Amino acid sequence: MAKGSQLEGFCMDLLSEVAKKVGFKYKVKLVKDSAYGRQDESGSWNGMIGEVLRGEADLAIAPLTLTAAREKVVGMSKPFMQTGISILLRKDISEGAGFFDFLTPFAPETWIGILIAYMCTAASIFMAARLSPCEWSEAQSERNRFSFLYSLWYTAGGLTLQGAGPHPKALSGRVICSSWWLFSVVLLACYFSNLSSSKTPESSHLTVKGFEDLAGQDTIEYGCLAGSSTLAFFKNSNNPVYRRIYEHMERTQSFVSSMDEGVKRAKEGNFAFIGESVSLDLAVARHCELVRAHEVIGMRGYSIATPLGSPIIKNLSVAILQLSEAGELAYLRSKWWASSCIADKAKPAAVQPHSLKGMFLVLALGLGLGTLVAVLELTFKSRRKAAEQQKPCCTVLTEELSLRLKNSGANKPQENADKEKP
């Protein structure tokens, strides 16, 4: 990367650090033919490898892949970065629908909060139905229609806006249900709004997640850098999928002359650029409409090249290992591969719990108010009953609570009670 008359980038920072450790001065020049180095039919090398072989350069530092062919003709240091081969695509041809994409409108924390709210609402309806004398007037002779299982079913019906009868008769139960219905309406509105915004027509993109997907389709073109180690990998591979990819590229001559050209064609769409994963990651960090496929094959390393038998090669390898152990290489990687992209506006982020905190608060207040009203209803009845029986109110209230909370007959639904009536 050029900045004015100076060069900058990961390799320039690496060269500076290595020079300090080994103790040499340097002068940087660009390779004349802009190539990394490949051997032609006559056995001659071009690019950086060729200049090192001819003595035109003392060393070559670049994303220079360590290969057996290069190791035979020049000295190669220990790798300063690990890379592999991957695919660069536009985002609209790399995304695919998953089995659980219907859960993406809400974050996992939000789903947990909804589950907790559902259970608390069902428990509140169950308790209000047992405590309120307007819902269950005679605990000794009547059976409570709101068992816990029925409360769960009733709450689920409210969440889906389908309803489930019979409905609560007491004010306390109606307050709780009204709060849950309001919560459900807002929740469903947020869910469907986010779900529809995150979906695109199925026919507008083709899913490509790896090399097998790429080789098995003929909709988008794909290619790699001409004369690169990436091309040599596919050419020499015995894997049937990789062989098909190589034969397709040879047949269509879909090669690019430079990394910039490959990135440009990928941005235009309908083209997948195959290259070194590290270089593709850098392109993704700079161009937000691009994405790299998760699959990485043919792992190899980037090395510094020197003339064969050069005495400096050992010191270069030691310096690279020292930088790696000190975390300097990781720091340089994070420095130059930092993404400048902003979150994709076309695909909204999952709704977090804090976005619905107002509705959770309203529901909690409704549940608390409904339960309080149920206790007050029972208290008022206990006071009247205490006055009639001339007993202390607290005694009557305690007896009512004990009877309503321990009565096993309350667990049977009202339907069973109706069947037992003559």
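The values are calculated or read from the model by the stated rules, or taken from the named source; none is laboratory data. Owing to the predicted nature of the structure, the values given are computational and were not obtained by experimental measurement. Quick reminder, even Gly has a Cβ in these numbers, built from the backbone with ideal geometry, and neighbours come from all protein chains shown. Remember, those area values only see protein heavy atoms, side chains included, never the ligands or the DNA or RNA. Shrake-Rupley method; radii C 1.70, N 1.55, O 1.52, S 1.80 Å.
Measuring with a 1.4 angstrom probe and ignoring ligands and nucleic acids, S324 comes out at about 70 Å² accessible.
How large a share of the accessible area of the range 215-324, in percent, is made up of carbon and sulfur atoms when the probe is 1.4 Å and the other protein chains stay in place?
Numbers: 2610 of 5100 Å².
So the carbon and sulfur contribution to the accessible surface is 51 percent.
Rounded to the nearest 10 square angstrom, R384 shows an accessible area of 140 square angstrom against a 1.4 Å probe. Across the range 118-123, computed HN-Hα scalar couplings (Karplus, 6.51 cos²θ - 1.76 cosθ + 1.60, θ = phi - 60°) run 4, 5, 5, 5, 4, 5 Hz from first to last residue, x flagging Gly and Pro.
Cysteine residues of the chain whose C-beta has no other cysteine C-beta under 4.7 angstrom: C11, C120, C134, C177, C190, C224, C393, C394.
Between H167 and E56, the distance separating the two model label sites (each 7 Å from Cα on the Cα→Cβ line) works out to 8.7 nm. Over the range 244-393, accessible surface divided per residue gives 56 Å², non-protein components excluded, 1.4 Å probe.
Write down Rg/Rh for the range 111-150, rounded to two decimals, with Rg from the C-alpha atoms and Rh from the Kirkwood relation over Cα pairs. Each step should come with its number before you reach the end.
Details: Rg = 12.3 Å, Rh = 11.0 Å.
Taking Rg over the Kirkwood Rh, I get 1.12.
Label-to-label distance, V22 versus A387, with points set 7 angstrom from Cα along the beta-carbon direction: 10.1 nm. For the residue pairs K25/K314; K357/K406; K169/K406; K209/K264; K27/K314, alpha carbon separations beyond 24 Å are given by K357/K406.
With N set to the residue count of the chain, report its C-alpha Rg divided by 2.2 N^0.38 Å to two decimal places.
Working: Rg = 35.6 Å, N = 422, 2.2 N^0.38 = 21.9 Å.
Against the empirical 2.2 N^0.38 Å value, I get 1.63 for the chain.
Within the listed set S355, S179, S228, the residue fluctuating most in the Gaussian network model of the chain (springs between alpha-carbon atoms under 10 angstrom) is S355. The DSSP beta bridges internal to the chain are antiparallel in roughly 75% of cases.
For the pair S257 and E138, label points projected 7 Å from Cα toward Cβ lie 9.8 nm apart. Grab the beta carbon distance between E247 and E268, set R0 = 30 Å, and tell me the FRET efficiency rounded to 0.05. Here the calculated transfer efficiency is 0.80.
C190 exposes around 40 Å² of accessible area when a 1.4 Å probe is run over every protein chain in place.
The calculated pair-distance distribution of the range 356-399 uses every alpha carbon pair, bins of 5 angstrom beginning at 0, and gives 5, 23, 18, 13, 11, 9, 8, 7, 4, 1, 0 percent.
Among E51, E247, E142, which one moves the most in a GNM of the chain with springs linking Cα atoms closer than 10 Å? Between E51, E247, E142, it is E142 that shows the largest mean-square fluctuation.
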